[in-house]
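Shown next, in structure tokens, is the structure this report addresses.
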Amino acid sequence: MSVSSALLLGIVVVALAYGVVIYNGLVRLKHNVAKAWANIDVLLKQRHDELPKLIEVCKQYRQFESETLARVTEARARVAAAREQHDLPALGAAEGLLRGGLGQIFAVAEAYPELKANEHFMQLQSRITALENGIADRREWYNESVNLHNVRIEQFPDLLLARLFQFPPQPLLEFASVEKADVDVKALLGT
């Protein structure tokens, strides 16, 4: 074997090894995004299961705002549908509505001392608040995983393999601006 043949073979081997390293990195990032989504999905499912209990406790107080409860129920259904279809833009919009509705329930509950003192209501409020915080943490991790994935598939030379093996960009999980707005407690309490 001549020196030039050995050199060429060495370059091919190094290039293939480098390609394998890049491919494995892309696969790892793809699975990190899937894992981050699965973690969010678990918390969304848990919260989905807790919301009917909260609504039932609130319904026990006849004068509690049925419009607020109906909004939360509708938003819950939208979140479930978007979650099942893995439709992240729709999920983000539905999450915004749901979080806004939950904020209204908790704010309106301030006007009902009996409800606020109800042990079951307090446990559910605490549980749902903890789930909301967990969802926010997982959303941050998901978006970071998506960002790393999306940047990597656009960088050279990774983009060559990403295009060859069809690694598509992943969408960020963004919630609607409704969620970011402050809750007008005075308006909710009618004061």
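What follows draws every value from the coordinates through simple rules; no lab data is involved. None of these values were measured; they are calculated from a predicted model. Note that we place each Cβ from the backbone using ideal geometry, even for glycine, and neighbour counts take in every protein chain shown.
Data table
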quantity: Likely footprinting exposure, 23, 142, fewest C-beta neighbours within 10 Å first; calculated: 23, 142
quantity: Residue (of 27, 86, 37) at the positive-pole extreme of the chain, dipole from beta-carbon charges; calculated: 27
quantity: Sum of -39500 (n - 2.57) over DSSP H runs of 4+, divided by residues of the chain (222 nm, nearest 500); calculated: -28000 deg cm²/dmol
quantity: Taking all pairs of distinct alpha-carbon atoms in the chain, Kirkwood radius in angstrom; calculated: 19.5
quantity: Only Lys, Arg (+1) and Asp, Glu (-1) charged, at Cβ; the range 3-189 dipole about Cα centre in debye; calculated: 440
quantity: Relative exposure of 126, 2, 145, judged by other C-beta atoms within 10 Å (fewest first); calculated: 2, 126, 145
quantity: Rg/Rh for the range 15-103, where both radii come from Cα atoms and Rh is the Kirkwood radius; calculated: 1.26
quantity: Using alpha-carbon coordinates, inclination of helix 88-108 to the longest axis of the chain, degrees; calculated: 30
quantity: Local electrostatic count, residue 165, Cβ distance below 14 Å [Lys/Arg +1, Asp/Glu -1]; calculated: +3
quantity: The chain: angle of helix 3-59 to the longest principal axis, Cα-based, in degrees nearest 10; calculated: 10
quantity: Helix 66-85 axis, angle to the chain major axis (alpha carbon atoms, nearest 10°); calculated: 20
quantity: Order of 37, 141 under a 10 Å beta carbon neighbour criterion, fewest first; calculated: 141, 37
